[in-house]
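First comes the structure, then the notes that go with it.
The values are calculated or read from the model by the stated rules, or taken from the named source; none is laboratory data. This is a predicted model, so every value here is computed, not measured. Note that we place each Cβ from the backbone using ideal geometry, even for glycine, and neighbour counts take in every protein chain shown.
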Amino acid sequence: MPILDAFLADETFRIELKDRLGLRGEKIDRLRAVAREENSLLRNAADESAATAALTRAEERITSFIGAPAAEQLYALARERWNNAPARAAGGRENPTPRGTPIVTDTPGGAMPNAIPNDTRIVVNAPAYRMDIFENGKLMKSYRIGIGYPEFPLPAGMRTANEIIFNPTWTPPDEPWVESPSSKVKVGQVVGAGSALNPLGLIKIPIGSPSLIHGGKSVAQLGGFASHGCVGLTDAQVVDLSKRLAQLGGIEITDKQIAGYKQNRTKTKNIALQQPIPVELRYETIVVENGKLHIYRDVYERGTNTEANLRNVLGAYGLALEDLSESERSRVGIALDRMGRNAAGVKVPAATSTPSANGAAAPSPSDTPTKLRNEGSASRKVTRRIKGEKEMAIEIAALAGKGYSAPVGLDTGKERPHAVTVNSRKQSN
(Lines give C-alpha, C1' and ligand atoms only; values in the text may rest on other atoms or scores of the structure.)
Protein backbone atom coordinates (compact mmCIF):
# COMPACT_ATOMS: atom_id res chain seq x y z
CA MET A 1 0.00 0.00 0.00
CA PRO A 2 2.81 2.51 0.68
CA ILE A 3 4.19 1.77 -2.79
CA LEU A 4 0.79 2.21 -4.43
CA ASP A 5 0.16 5.42 -2.52
CA ALA A 6 3.50 6.84 -3.66
CA PHE A 7 3.03 5.82 -7.28
CA LEU A 8 -0.49 7.27 -7.47
CA ALA A 9 1.06 10.64 -6.66
CA ASP A 10 3.20 10.29 -9.82
CA GLU A 11 1.63 11.81 -12.92
CA THR A 12 3.33 9.34 -15.30
CA PHE A 13 1.93 6.40 -13.31
CA ARG A 14 -1.58 7.88 -13.47
CA ILE A 15 -1.19 8.27 -17.24
CA GLU A 16 -0.29 4.57 -17.44
CA LEU A 17 -3.44 3.70 -15.50
CA LYS A 18 -5.50 5.56 -18.09
CA ASP A 19 -3.70 3.91 -21.00
CA ARG A 20 -3.53 0.35 -19.72
CA LEU A 21 -6.48 -0.03 -17.36
CA GLY A 22 -8.87 2.41 -19.03
CA LEU A 23 -9.53 4.23 -15.77
CA ARG A 24 -10.90 7.76 -16.09
CA GLY A 25 -9.49 10.77 -14.28
CA GLU A 26 -12.18 10.98 -11.59
CA LYS A 27 -11.85 7.27 -10.79
CA ILE A 28 -8.06 7.59 -10.51
CA ASP A 29 -8.49 10.58 -8.18
CA ARG A 30 -10.82 8.53 -6.00
CA LEU A 31 -8.44 5.57 -6.08
CA ARG A 32 -5.63 7.88 -4.98
CA ALA A 33 -7.76 9.12 -2.06
CA VAL A 34 -8.54 5.54 -1.01
CA ALA A 35 -4.86 4.57 -1.12
CA ARG A 36 -3.90 7.61 0.94
CA GLU A 37 -6.61 6.92 3.55
CA GLU A 38 -5.71 3.25 3.87
CA ASN A 39 -1.98 3.96 3.98
CA SER A 40 -2.56 6.38 6.85
CA LEU A 41 -4.52 3.72 8.74
CA LEU A 42 -1.81 1.17 8.00
CA ARG A 43 0.86 3.51 9.33
CA ASN A 44 -1.01 3.88 12.62
CA ALA A 45 -1.62 0.15 13.10
CA ALA A 46 -0.73 -0.86 16.64
CA ASP A 47 1.02 -4.13 15.81
CA GLU A 48 1.83 -6.55 13.00
CA SER A 49 -1.53 -8.35 13.13
CA ALA A 50 -3.35 -5.04 12.93
CA ALA A 51 -1.16 -4.01 10.02
CA THR A 52 -1.94 -7.25 8.19
CA ALA A 53 -5.65 -6.72 8.77
CA ALA A 54 -5.31 -3.16 7.47
CA LEU A 55 -3.62 -4.37 4.29
CA THR A 56 -6.36 -6.93 3.71
CA ARG A 57 -9.07 -4.31 4.22
CA ALA A 58 -7.33 -1.92 1.84
CA GLU A 59 -7.11 -4.56 -0.89
CA GLU A 60 -10.77 -5.46 -0.45
CA ARG A 61 -11.77 -1.82 -0.66
CA ILE A 62 -9.79 -1.25 -3.86
CA THR A 63 -11.14 -4.45 -5.41
CA SER A 64 -14.74 -3.45 -4.66
CA PHE A 65 -14.11 -0.02 -6.16
CA ILE A 66 -12.51 -0.94 -9.51
CA GLY A 67 -13.22 -4.69 -9.76
CA ALA A 68 -10.98 -7.71 -9.31
CA PRO A 69 -9.44 -7.78 -12.85
CA ALA A 70 -8.50 -4.09 -12.73
CA ALA A 71 -7.17 -4.47 -9.18
CA GLU A 72 -4.87 -7.30 -10.28
CA GLN A 73 -3.65 -5.17 -13.19
CA LEU A 74 -3.11 -2.26 -10.82
CA TYR A 75 -0.94 -4.31 -8.45
CA ALA A 76 0.96 -5.81 -11.38
CA LEU A 77 1.66 -2.34 -12.76
CA ALA A 78 2.89 -1.16 -9.34
CA ARG A 79 5.18 -4.20 -9.05
CA GLU A 80 6.42 -3.58 -12.59
CA ARG A 81 7.18 0.05 -11.82
CA TRP A 82 8.91 -0.87 -8.54
CA ASN A 83 11.09 -3.47 -10.27
CA ASN A 84 11.64 -1.06 -13.18
CA ALA A 85 10.26 -3.35 -15.89
CA PRO A 86 9.17 -1.14 -18.80
CA ALA A 87 5.54 -0.62 -19.72
CA ARG A 88 6.25 -1.68 -23.27
CA ALA A 89 7.29 -5.17 -22.07
CA ALA A 90 3.67 -5.75 -21.06
CA GLY A 91 2.29 -4.49 -24.31
CA GLY A 92 1.72 -0.86 -23.30
CA ARG A 93 3.40 2.24 -24.66
CA GLU A 94 6.58 3.72 -23.26
CA ASN A 95 5.95 6.16 -20.41
CA PRO A 96 5.90 9.83 -21.35
CA THR A 97 8.68 11.43 -19.33
CA PRO A 98 8.75 15.14 -18.42
CA ARG A 99 11.94 16.92 -19.42
CA GLY A 100 14.62 16.58 -16.75
CA THR A 101 13.02 13.53 -15.12
CA PRO A 102 15.36 10.55 -14.64
CA ILE A 103 14.40 7.88 -17.17
CA VAL A 104 13.54 4.41 -15.88
CA THR A 105 13.55 1.53 -18.39
CA ASP A 106 14.62 -2.07 -18.68
CA THR A 107 18.24 -3.13 -18.95
CA PRO A 108 19.31 -3.28 -22.64
CA GLY A 109 20.84 -6.54 -23.70
CA GLY A 110 19.69 -8.15 -20.47
CA ALA A 111 20.20 -11.64 -21.94
CA MET A 112 23.96 -11.03 -21.88
CA PRO A 113 25.20 -11.48 -18.32
CA ASN A 114 28.18 -9.55 -16.90
CA ALA A 115 28.14 -7.23 -19.91
CA ILE A 116 30.86 -4.57 -20.10
CA PRO A 117 29.34 -1.32 -21.41
CA ASN A 118 30.81 0.18 -24.56
CA ASP A 119 29.55 3.65 -23.68
CA THR A 120 29.72 6.09 -20.76
CA ARG A 121 27.59 5.07 -17.78
CA ILE A 122 27.47 4.14 -14.12
CA VAL A 123 26.95 0.45 -13.35
CA VAL A 124 25.75 -0.71 -9.94
CA ASN A 125 25.59 -4.41 -9.02
CA ALA A 126 23.70 -4.63 -5.74
CA PRO A 127 24.72 -8.14 -4.55
CA ALA A 128 28.39 -7.22 -5.10
CA TYR A 129 27.99 -3.91 -3.20
CA ARG A 130 29.86 -2.29 -6.07
CA MET A 131 29.46 0.75 -8.31
CA ASP A 132 31.60 1.43 -11.40
CA ILE A 133 32.05 4.45 -13.67
CA PHE A 134 32.70 3.65 -17.33
CA GLU A 135 33.83 6.21 -19.90
CA ASN A 136 33.51 5.07 -23.52
CA GLY A 137 33.67 1.45 -22.41
CA LYS A 138 36.68 1.86 -20.13
CA LEU A 139 36.31 1.34 -16.39
CA MET A 140 37.61 4.49 -14.70
CA LYS A 141 36.68 4.09 -11.02
CA SER A 142 35.02 1.64 -8.62
CA TYR A 143 33.31 2.20 -5.27
CA ARG A 144 32.19 0.00 -2.39
CA ILE A 145 28.58 0.94 -1.63
CA GLY A 146 25.75 0.36 0.80
CA ILE A 147 22.47 -0.93 -0.67
CA GLY A 148 18.79 -1.01 0.26
CA TYR A 149 17.52 -3.33 2.97
CA PRO A 150 15.83 -6.49 1.60
CA GLU A 151 12.50 -4.98 2.63
CA PHE A 152 13.36 -1.89 0.55
CA PRO A 153 15.54 -3.34 -2.22
CA LEU A 154 17.54 -1.41 -4.74
CA PRO A 155 15.67 -1.89 -8.04
CA ALA A 156 17.18 -3.16 -11.30
CA GLY A 157 17.05 -1.44 -14.68
CA MET A 158 18.24 1.56 -16.65
CA ARG A 159 17.99 5.06 -15.22
CA THR A 160 19.61 8.44 -15.78
CA ALA A 161 21.40 11.03 -13.69
CA ASN A 162 20.54 14.58 -14.75
CA GLU A 163 21.75 16.68 -11.84
CA ILE A 164 23.90 16.82 -8.72
CA ILE A 165 22.38 18.42 -5.63
CA PHE A 166 24.63 19.76 -2.89
CA ASN A 167 23.18 20.18 0.62
CA PRO A 168 19.86 18.51 -0.23
CA THR A 169 16.80 18.79 1.95
CA TRP A 170 14.88 15.60 2.83
CA THR A 171 11.14 15.07 2.97
CA PRO A 172 10.33 11.84 4.86
CA PRO A 173 7.99 9.64 2.78
CA ASP A 174 4.55 8.58 3.93
CA GLU A 175 5.62 5.20 5.28
CA PRO A 176 5.37 3.54 8.70
CA TRP A 177 9.14 3.35 9.26
CA VAL A 178 9.29 7.15 9.26
CA GLU A 179 7.00 7.47 12.25
CA SER A 180 8.32 4.63 14.38
CA PRO A 181 8.36 5.32 18.13
CA SER A 182 12.06 6.21 17.98
CA SER A 183 11.75 8.52 14.95
CA LYS A 184 12.46 12.22 15.39
CA VAL A 185 10.85 13.25 12.08
CA LYS A 186 7.31 13.27 10.69
CA VAL A 187 5.89 12.33 7.31
CA GLY A 188 5.95 15.31 4.96
CA GLN A 189 8.12 17.40 7.28
CA VAL A 190 10.94 19.06 5.32
CA VAL A 191 14.22 18.27 7.04
CA GLY A 192 16.66 21.05 6.30
CA ALA A 193 19.95 20.75 4.47
CA GLY A 194 22.79 19.99 6.85
CA SER A 195 20.45 18.88 9.65
CA ALA A 196 21.62 16.03 11.85
CA LEU A 197 18.26 14.37 11.07
CA ASN A 198 18.89 14.51 7.30
CA PRO A 199 20.23 11.10 6.12
CA LEU A 200 21.26 12.27 2.62
CA GLY A 201 24.59 13.80 3.60
CA LEU A 202 26.39 16.42 1.53
CA ILE A 203 25.17 15.34 -1.92
CA LYS A 204 22.32 13.49 -3.58
CA ILE A 205 22.06 12.42 -7.21
CA PRO A 206 18.45 11.62 -8.24
CA ILE A 207 18.15 8.58 -10.53
CA GLY A 208 14.37 8.13 -10.56
CA SER A 209 11.90 7.36 -7.79
CA PRO A 210 12.25 5.77 -5.33
CA SER A 211 16.05 5.71 -5.54
CA LEU A 212 18.98 8.09 -5.15
CA ILE A 213 22.73 7.94 -5.00
CA HIS A 214 23.66 9.91 -1.91
CA GLY A 215 26.19 10.44 0.84
CA GLY A 216 25.84 10.49 4.59
CA LYS A 217 26.84 6.86 5.19
CA SER A 218 29.55 5.63 7.51
CA VAL A 219 32.37 3.36 6.35
CA ALA A 220 30.81 0.56 8.43
CA GLN A 221 27.64 0.70 6.31
CA LEU A 222 29.49 0.08 3.03
CA GLY A 223 29.34 -3.50 1.78
CA GLY A 224 26.02 -4.08 3.51
CA PHE A 225 22.43 -2.90 3.96
CA ALA A 226 22.26 0.84 4.50
CA SER A 227 19.13 2.45 3.02
CA HIS A 228 15.47 2.31 2.04
CA GLY A 229 16.18 1.64 -1.65
CA CYS A 230 19.14 3.91 -2.43
CA VAL A 231 22.84 3.61 -3.26
CA GLY A 232 24.69 4.81 -0.16
CA LEU A 233 28.18 6.35 -0.04
CA THR A 234 30.26 8.27 2.46
CA ASP A 235 30.39 12.02 1.91
CA ALA A 236 34.01 11.71 0.75
CA GLN A 237 33.05 9.07 -1.80
CA VAL A 238 30.08 11.03 -3.15
CA VAL A 239 32.24 14.14 -3.58
CA ASP A 240 34.70 12.11 -5.65
CA LEU A 241 31.84 10.59 -7.65
CA SER A 242 30.22 13.98 -8.27
CA LYS A 243 33.40 15.52 -9.70
CA ARG A 244 33.79 12.59 -12.08
CA LEU A 245 30.10 12.58 -12.99
CA ALA A 246 30.18 16.32 -13.67
CA GLN A 247 33.11 15.93 -16.02
CA LEU A 248 31.35 13.16 -17.93
CA GLY A 249 28.21 15.29 -18.02
CA GLY A 250 29.97 18.19 -19.70
CA ILE A 251 30.49 20.54 -16.73
CA GLU A 252 33.07 21.19 -14.04
CA ILE A 253 32.71 21.23 -10.28
CA THR A 254 35.82 22.64 -8.63
CA ASP A 255 37.31 22.01 -5.22
CA LYS A 256 36.69 25.69 -4.44
CA GLN A 257 32.98 25.29 -5.19
CA ILE A 258 32.74 22.19 -3.03
CA ALA A 259 34.50 23.92 -0.16
CA GLY A 260 31.94 26.71 -0.41
CA TYR A 261 29.02 24.25 -0.30
CA LYS A 262 30.55 22.57 2.74
CA GLN A 263 30.89 25.89 4.54
CA ASN A 264 27.25 26.79 4.01
CA ARG A 265 25.44 23.50 4.70
CA THR A 266 22.03 25.17 4.94
CA LYS A 267 22.01 26.35 1.33
CA THR A 268 20.90 23.87 -1.34
CA LYS A 269 22.58 24.02 -4.75
CA ASN A 270 21.29 22.16 -7.82
CA ILE A 271 23.78 21.67 -10.65
CA ALA A 272 22.39 20.35 -13.95
CA LEU A 273 24.47 18.11 -16.20
CA GLN A 274 24.69 19.17 -19.82
CA GLN A 275 24.58 15.52 -20.91
CA PRO A 276 22.55 13.04 -18.80
CA ILE A 277 24.53 9.99 -17.70
CA PRO A 278 22.93 6.51 -17.84
CA VAL A 279 22.85 4.60 -14.56
CA GLU A 280 22.44 0.83 -14.87
CA LEU A 281 21.22 -0.98 -11.76
CA ARG A 282 21.98 -4.70 -11.90
CA TYR A 283 21.17 -7.72 -9.76
CA GLU A 284 23.77 -10.27 -10.82
CA THR A 285 24.74 -12.88 -8.27
CA ILE A 286 26.90 -14.94 -10.67
CA VAL A 287 29.71 -12.89 -12.19
CA VAL A 288 32.81 -13.92 -14.15
CA GLU A 289 35.71 -11.58 -13.41
CA ASN A 290 39.22 -12.14 -14.73
CA GLY A 291 39.15 -15.92 -14.60
CA LYS A 292 37.21 -16.27 -11.38
CA LEU A 293 33.56 -17.13 -10.92
CA HIS A 294 32.17 -14.85 -8.20
CA ILE A 295 28.93 -16.03 -6.63
CA TYR A 296 27.25 -13.50 -4.38
CA ARG A 297 24.64 -14.02 -1.72
CA ASP A 298 21.04 -13.79 -2.98
CA VAL A 299 20.23 -11.08 -0.43
CA TYR A 300 17.03 -9.97 -2.19
CA GLU A 301 15.70 -13.52 -2.48
CA ARG A 302 15.31 -13.50 -6.26
CA GLY A 303 16.22 -17.13 -6.82
CA THR A 304 19.18 -16.38 -9.08
CA ASN A 305 21.84 -18.76 -7.75
CA THR A 306 20.72 -21.78 -9.74
CA GLU A 307 22.39 -24.23 -12.11
CA ALA A 308 20.27 -22.82 -14.96
CA ASN A 309 21.56 -19.30 -14.32
CA LEU A 310 25.11 -20.60 -13.96
CA ARG A 311 24.84 -22.33 -17.35
CA ASN A 312 23.56 -19.09 -18.84
CA VAL A 313 26.56 -17.15 -17.51
CA LEU A 314 29.08 -19.79 -18.61
CA GLY A 315 27.42 -19.96 -22.01
CA ALA A 316 28.09 -16.25 -22.51
CA TYR A 317 31.79 -17.18 -22.47
CA GLY A 318 31.44 -20.20 -24.73
CA LEU A 319 31.51 -22.79 -21.93
CA ALA A 320 29.22 -25.53 -20.74
CA LEU A 321 29.08 -26.67 -17.13
CA GLU A 322 30.47 -30.02 -18.31
CA ASP A 323 33.60 -28.23 -19.59
CA LEU A 324 34.65 -27.52 -16.00
CA SER A 325 36.84 -30.00 -14.16
CA GLU A 326 35.25 -32.25 -11.57
CA SER A 327 36.92 -30.24 -8.81
CA GLU A 328 35.68 -26.95 -10.27
CA ARG A 329 32.11 -28.25 -10.61
CA SER A 330 32.18 -29.47 -7.02
CA ARG A 331 33.34 -26.12 -5.67
CA VAL A 332 30.82 -24.24 -7.80
CA GLY A 333 28.02 -26.48 -6.53
CA ILE A 334 28.96 -25.76 -2.94
CA ALA A 335 29.08 -22.02 -3.67
CA LEU A 336 25.63 -22.05 -5.31
CA ASP A 337 24.19 -23.76 -2.24
CA ARG A 338 25.84 -21.45 0.29
CA MET A 339 25.09 -18.27 -1.64
CA GLY A 340 21.57 -19.32 -2.65
CA ARG A 341 20.33 -18.13 0.74
CA ASN A 342 18.82 -14.91 2.01
CA ALA A 343 20.37 -12.61 4.60
CA ALA A 344 19.11 -14.83 7.42
CA GLY A 345 20.65 -17.95 5.88
CA VAL A 346 17.36 -19.45 4.67
CA LYS A 347 17.45 -21.26 1.32
CA VAL A 348 15.82 -19.25 -1.49
CA PRO A 349 13.62 -21.08 -4.03
CA ALA A 350 14.58 -20.87 -7.69
CA ALA A 351 13.16 -18.08 -9.82
CA THR A 352 10.48 -20.38 -11.27
CA SER A 353 7.80 -21.64 -8.91
CA THR A 354 8.47 -25.10 -7.54
CA PRO A 355 6.30 -27.41 -5.43
CA SER A 356 6.87 -27.14 -1.69
CA ALA A 357 7.01 -30.08 0.71
CA ASN A 358 3.24 -30.14 1.04
CA GLY A 359 2.72 -30.04 -2.72
CA ALA A 360 1.65 -26.39 -2.87
CA ALA A 361 3.41 -23.99 -5.17
CA ALA A 362 6.15 -22.00 -3.48
CA PRO A 363 5.89 -18.20 -3.67
CA SER A 364 7.34 -16.81 -6.86
CA PRO A 365 10.65 -15.06 -6.05
CA SER A 366 9.71 -12.38 -8.58
CA ASP A 367 7.09 -11.26 -6.05
CA THR A 368 9.47 -11.48 -3.09
CA PRO A 369 10.74 -7.87 -3.17
CA THR A 370 7.17 -6.53 -3.06
CA LYS A 371 6.21 -9.00 -0.33
CA LEU A 372 9.25 -8.12 1.76
CA ARG A 373 8.64 -4.41 1.29
CA ASN A 374 5.01 -4.69 2.39
CA GLU A 375 6.08 -6.67 5.44
CA GLY A 376 8.82 -4.19 6.23
CA SER A 377 6.44 -1.25 5.92
CA ALA A 378 3.79 -2.92 8.05
CA SER A 379 6.12 -4.11 10.83
CA ARG A 380 8.51 -1.12 10.65
CA LYS A 381 11.37 -3.61 10.80
CA VAL A 382 14.22 -4.11 8.36
CA THR A 383 16.99 -6.67 7.95
CA ARG A 384 20.24 -4.94 8.83
CA ARG A 385 22.85 -7.69 8.74
CA ILE A 386 23.78 -10.79 6.77
CA LYS A 387 24.49 -14.01 8.63
CA GLY A 388 27.48 -15.78 7.10
CA GLU A 389 29.51 -15.23 3.97
CA LYS A 390 28.52 -12.66 1.34
CA GLU A 391 30.55 -14.06 -1.55
CA MET A 392 32.51 -17.07 -2.77
CA ALA A 393 35.02 -16.96 -5.65
CA ILE A 394 36.19 -20.01 -7.60
CA GLU A 395 39.09 -19.88 -10.04
CA ILE A 396 38.11 -21.48 -13.36
CA ALA A 397 40.98 -22.29 -15.72
CA ALA A 398 38.87 -21.99 -18.89
CA LEU A 399 37.78 -18.46 -17.89
CA ALA A 400 41.30 -17.05 -17.57
CA GLY A 401 41.41 -13.48 -18.89
CA LYS A 402 37.64 -13.40 -19.42
CA GLY A 403 34.80 -11.64 -17.70
CA TYR A 404 33.68 -8.34 -16.26
CA SER A 405 36.26 -5.70 -15.41
CA ALA A 406 38.17 -6.01 -12.16
CA PRO A 407 37.74 -2.99 -9.84
CA VAL A 408 39.79 0.08 -10.71
CA GLY A 409 40.99 2.30 -7.87
CA LEU A 410 38.40 0.70 -5.57
CA ASP A 411 37.24 3.31 -3.07
CA THR A 412 36.23 1.41 0.05
CA GLY A 413 35.58 4.59 1.99
CA LYS A 414 38.46 3.79 4.34
CA GLU A 415 41.04 5.94 2.62
CA ARG A 416 40.95 9.46 1.30
CA PRO A 417 40.17 9.28 -2.46
CA HIS A 418 42.87 10.31 -4.88
CA ALA A 419 42.43 13.79 -6.32
CA VAL A 420 40.23 13.87 -9.40
CA THR A 421 41.81 15.45 -12.44
CA VAL A 422 39.24 17.26 -14.52
CA ASN A 423 39.53 18.89 -17.88
CA SER A 424 39.17 22.63 -18.17
CA ARG A 425 35.51 23.21 -18.93
CA LYS A 426 32.93 25.86 -18.31
CA GLN A 427 32.30 26.20 -14.58
CA SER A 428 28.82 25.63 -13.22
CA ASN A 429 27.07 28.51 -11.52
Point to revise | Residue ranges of strands (runs of 3 or more DSSP E) in the range 263-337 with at least 1 members over 30 Å from Ser209 (Cα atoms) | key: 286-289, 292-296
Check your understanding: How about the range 95-173: which strands (runs of 3 or more DSSP E) wholly inside it have at least 2 residues that are closer than 27 Å to Ser183 by Cα and modelled with pLDDT of 85 or more?
Key -> 157-166
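Residue-wise test of (1) at positive phi; (2) surrounded by fewer than 20 Cβ atoms within 10 Å (Cβ to Cβ); (3) part of a helix (DSSP H, G or I); (4) modelled with pLDDT under 70.
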{"residue": "Ile15", "(1), (2), (3), (4)": "no, yes, yes, no"}
{"residue": "Ile28", "(1), (2), (3), (4)": "no, yes, yes, no"}
{"residue": "Ala33", "(1), (2), (3), (4)": "no, yes, yes, no"}
{"residue": "Glu37", "(1), (2), (3), (4)": "no, yes, yes, no"}
{"residue": "Leu42", "(1), (2), (3), (4)": "no, no, yes, yes"}
{"residue": "Thr52", "(1), (2), (3), (4)": "no, yes, yes, yes"}
{"residue": "Thr56", "(1), (2), (3), (4)": "no, yes, yes, no"}
{"residue": "Gln73", "(1), (2), (3), (4)": "no, yes, yes, no"}
